[in-house]
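The values are calculated or read from the model by the stated rules, or taken from the named source; none is laboratory data. Small disclaimer: the values here were computed from a predicted structure and weren't measured. Glycine also receives a Cβ, built like all others from the backbone with ideal geometry; neighbour counts cover every protein chain displayed. The protein model used for the area step is the full one, side chains on, heavy atoms only, and it has no ligands, DNA or RNA in it. Shrake-Rupley method; radii C 1.70, N 1.55, O 1.52, S 1.80 Å.
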Amino acid sequence: MSLRDLMRRIRHDTIPQQVDEINVVLRGHYAYYGLAGNIRSLFKVYRAVERYWRKMLCSRSWAGSHLTWETFNQIKAR
């Protein structure tokens, strides 16, 4: 399953549940593709997941449409 499909499927779960699901998938991706010299590609995947996850959080409700990057980074830090 692609990461985008996963994030669409878990869009309305609680944020801690979303974090757990996304982390499991990313850890598996990093374990499989984590070769020497591949850090740039892994970082691109991380950034793409980060942007799409924020987009999914913004689409959950009217209040989510005001989710700034600062607030999103606070959610990630938790």
**Study point:** Single match in GLY28, GLY37 (criterion: open to solvent by less than 50 Å² (accessible area, probe 1.4 Å) and more than 13 Å from the chain's Cα centre (by Cα))
**Key:** GLY28
Exercise for review: Please work out if LEU42 is open to solvent by less than 40 Å² (accessible area, probe 1.4 Å), touching a Phe, Trp or Tyr at 6+ places or on another chain (Cβ under 9 Å) and either among the acidic types (Asp, Glu) or at pLDDT below 90 (or both).
Suggested key: no
Exercise for review: Identify all residues within the stretch 12-25 that are open to solvent by 60 Å² or more (accessible area, probe 1.4 Å) and in contact (Cβ under 8 Å) with a residue 40 or more places away in the chain; write none if there are none.
Suggested key: HIS12
